[in-house]
1. Hey, any hits in the range 5-23 for a residue that's touching a residue at least 60 places away in the same chain (Cβ under 8 Å), in contact with a Gly (Cβ under 6 Å, 6 or more places away or on another chain) and open to solvent by less than 70 Å² (accessible area, probe 1.4 Å)?
2. Would you confirm, using the coordinates I've provided, whether residue 144 is surrounded by fewer than 19 Cβ atoms within 10 Å (Cβ to Cβ), touching a residue at least 12 places away in the same chain (Cβ under 8 Å), polar (S, T, N, Q) and assigned to a loop (DSSP other than H, G, I, E, B)?
3. Within the range 236-270, work out how many residues are charged (D, E, K, R) and open to solvent by less than 40 Å² (accessible area, probe 1.4 Å).
4. Condition first: among the basic types (Lys, Arg), within 21 Å of the chain's Cα centre (by Cα) and under 20 Å from residue 117 (Cβ atoms). Now tell me which residues in the range 127-177 satisfy that.
5. Among the listed residues 191, 133, 185, identify the single one that is without any contact (Cβ under 8 Å) to a residue 12 or more places away in the chain and of a type outside the set (A, V, I, L, M).
6. When the residues of the range 178-190 are narrowed to those that are farther than 16 Å from residue 163 by Cβ and assigned to a strand (DSSP E or B), which ends up farthest from the chain's Cα centre (by Cα)?
7. With respect to residue 160, determine if the residue is buried (at least 23 other Cβ atoms within 10 Å of the Cβ) and either polar (S, T, N, Q) or more than 25 Å from residue 272 (Cβ to Cβ) (or both).
8. So which residues in the range 251-278 are touching an Asp or Glu at 6+ places or on another chain (Cβ under 6 Å) and not in a strand (DSSP E or B), if there are any at all?
Amino acid sequence: MDLASTHTAPNLAVGAADPVCSKASPLSAALTGGVNFGAKPGEKGESTVTLKAAYTNDMLYMLVQYTDPTNSVRRGPYQKQADGSWRKLSDPANKGGDDNLYYEDKWAMLWPTNEATAKSFDNEGCAMACHEGQTKPYGNKYTNLPGQLLDMWHMKGQRTGPLGFVDDQYTDDTRYDAKTSPNAGRKGDPGPKGGEYTNIPLVDGKPQFMSREAKAANAGDSYYIKRGNEVAFDDSKFKAGDEVASIISNPLTGTDRGDVQVANTYANGMHTSVVSRKLVTGSKFDVQFANLSARYGFGFAAFDTAQVRHATSDDPMYLVFGKK
């Protein structure tokens, strides 16, 4: 993918219609090996992604578009039952960390951060960090050698995207251990205390918080509550069948974890994200686009209502800076 040089930053809110994005050369790739994407819940599905990019003196901008027949927002909501009790909805086939029914849409990118990582990535792509089995569907993520580090951009459709952020994470060589490192090498860049979101517990059988609007998510409210907009739960505001958020989204503003910003839209079976990040962040956890003569390998994956079962391209893709 060749980046176009521009003197004007694209308008993130305009998306693909912005002149900067419309003039950039596209790169398309088939995404396979995932689930949903129009198939029955949990069954194999695939998508296609198209990427464009541009840069200014200090910023990188990317347009990400991929096909998906549904805009999935119902990430594990609480639902009021006929008897007045509340229950968190989850995929009945989920045996742990594998919900493919009540989940959000997501996408992710992996970037080698140094030469030692890039050499393996050139040969294997994202598979260099994917280790199947180890008690998890689709396995665990970790690099094979000390010093290898992948910068992970993880756009979470309900937890980070609505607040304007891609969750900035990384993957190192930490091996999986159920007690000491259940997430293996996958970790978040330094950010707010508690991470990018906080689960809302049931207290005395009812969600602890609701949004100030006191509306059901399936009646116009969202399936997340923005930090600061939560108030004590009032059960009298809801009837049987109503659904409410089970998470509070924490803003990543001003943190290493908030380096990658995004504006998302969905229309006509297409997710569109316009992404921005500084070329050079200075963080040891990030890929640094400091050498405009180099090429930068990356991988892309899309998740449709899927916690882990993502569709991805087989081969690594590359970003190359065009001449100014």
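The values are calculated or read from the model by the stated rules, or taken from the named source; none is laboratory data. All figures in this text were calculated on a predicted structure; none of them were measured in a lab. Don't worry about glycine lacking a Cβ; one is built from the backbone with ideal geometry, like all the others, and counts go over all protein chains shown. Accessible surface is based on the protein model in full, side chains and every heavy atom, while ligands, DNA and RNA are left aside. Shrake-Rupley method; radii C 1.70, N 1.55, O 1.52, S 1.80 Å.
1. yes
2. yes
3. First, the residues of the range 236-270 that are charged (D, E, K, R): 237, 239, 242-243, 256-257, 259.
Still in the running and open to solvent by less than 40 Å² (accessible area, probe 1.4 Å): 242-243, 256-257.
Summing the residues that are charged (D, E, K, R) and open to solvent by less than 40 Å² (accessible area, probe 1.4 Å) in the range 236-270 gives 4.
4. From the range 127-177, those among the basic types (Lys, Arg) are 136, 141, 156, 159, 175; that's our starting set.
Still in the running and within 21 Å of the chain's Cα centre (by Cα): 136, 141, 156, 159.
Within the range 127-177, 141 is the sole residue that qualifies.
5. Exactly one of 191, 133, 185 is without any contact (Cβ under 8 Å) to a residue 12 or more places away in the chain and of a type outside the set (A, V, I, L, M), namely 133.
6. 181
7. For residue 160, the condition - buried (at least 23 other Cβ atoms within 10 Å of the Cβ) and either polar (S, T, N, Q) or more than 25 Å from residue 272 (Cβ to Cβ) (or both) - is met.
8. 256, 257, 259, listed by residue number.
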